[in-house]
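Just so it is clear, none of the values below were taken in a lab; they were calculated from the coordinates. On a predicted model such as this, the values are computed, not experimentally measured, just so you know. Note: ideal-geometry Cβ built from the backbone for every residue, glycine included; neighbour counts use all protein chains shown.
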Amino acid sequence: MPSAIVDGAIAAAALGLAVGGYAYASLWPTSQIFGRTLIAGDDGDEVALTFDDGPNDAATPQLLDVLARHGVRATFFNMGNFARERPEIVRQVAAAGHLVGNHSMSHPRLSTEPAARVRQELADCNAVLEEITGQAVIFFRPPFGARRRMVMRVGRELGLTPVLWNVTGYDWNPIGVEGILSNLENGIAQNRRDGRGSNLLLHDGGHRGMGAARMDTVRAVDRLLTARRGAAMRFVTVDAWKDSLGG
């Protein structure tokens, strides 16, 4: 085979690997390749419950009841469009002492959007949430975890700290309470062995529309908190880890 063809094939393969690696890193939650993101602290006994895609009238109020019963605060990454539909639920979340974060207006994959769209999605969501709660929003979670350097830069310019996760409940799949709980417990156990806190990704809503069925998530959280009652584990909101950015 002529060397030019071989060289071209090698170059094409290398480019393919680079592009694939870039795309993979843009979605992998603990990757820091595009800039430092808040994951968790270095105390294996600390756990943050985080919920995406709310507010959702079919599950968020019930979740708030569970958290109140256990005396636990959580972090809610709200979508601006849903917040506009159900501002009273967002106010309930904030009034209960939970942390409210930005999850964009409409849940696009920000890593594939132009800078102007990214800015609009994040800035408009901030404006909606701050008008409802009267509190500054300082954390954002990119939908699907999808980001690139531009997304991170726009977030910083808006005063937002990016937050990803290191445990996934996979509660958007039909795996039931036991499946969600198993994913959470296994992830927490692994992080404790590694000397890391656990940032749990869960959902109190669904980005495709209001009314998503998330009661299995609510029940799994209740089971998790009941099982951990009296244990050394401490449940925190993500602002507890801001000094550990990238940890």
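Observations, loosely collected:
- The angle separating the long axis of helix 3-27 from the principal Cα axis of greatest extent in the chain is about 10 degrees.
- Working note: Karplus 6.51/-1.76/1.60 with θ = phi - 60° gives the stretch 103-113 the couplings 10, 6, 6, 10, 6, x, 7, 4, 5, 10, 9 Hz, where Gly and Pro are set to x.
- Under 9 Å, Cβ to Cβ, from LEU164 - net charge with Lys/Arg +1 and Asp/Glu -1: +2
- Gyration tensor (alpha-carbon) shape descriptor, the chain, a/c threshold 1.5: prolate
- Computed from Cα positions, the angle between helix 215-227 and the longest principal axis of the chain comes to roughly 70 degrees.
- From the alpha carbon centroid of the stretch 63-116 to that of the stretch 199-247 is 12 Å.
- Put simply, the amide H of SER198, placed in the peptide plane, has neighbours under 5 Å in GLU46, VAL47, ALA48, leaving out anything fewer than 5 places away on its chain.
- Sum of side-chain charges, LEU201 neighbourhood, beta-carbon under 12 Å (Lys, Arg +1; Asp, Glu -1): -3
- What the phi angles of the stretch 231-243 give under the Karplus curve with 6.51, -1.76 and 1.60, with θ = phi - 60°, is a coupling list of 7, 5, 4, 10, 9, 10, 9, 5, 5, 5, 10, 4, 6 Hz, glycine and proline written as x.
- Other residues within the sphere of radius under 15 Å centred on the Cβ of ALA115, judged by their own Cβ, net out at +4 (K and R +1, D and E -1).
- The chain: relative contact order as a whole-number percent, Cα under 8 Å and 6+ apart: 33 percent
- Shape of the stretch 180-247, Cα gyration tensor, a/c cut at 1.5: oblate
- The stretch 28-139 shape via C-alpha gyration tensor axes, a/c threshold 1.5: oblate
- Counting only alpha carbon atoms, the long axis of helix 115-133 and the longest principal axis of the chain meet at about 10°.
- Each of PHE139, LEU202, VAL218 was placed along the dipole of the stretch 37-242 (beta-carbon charges, centred on the mean Cα), and the one lying farthest toward the positive end is PHE139.
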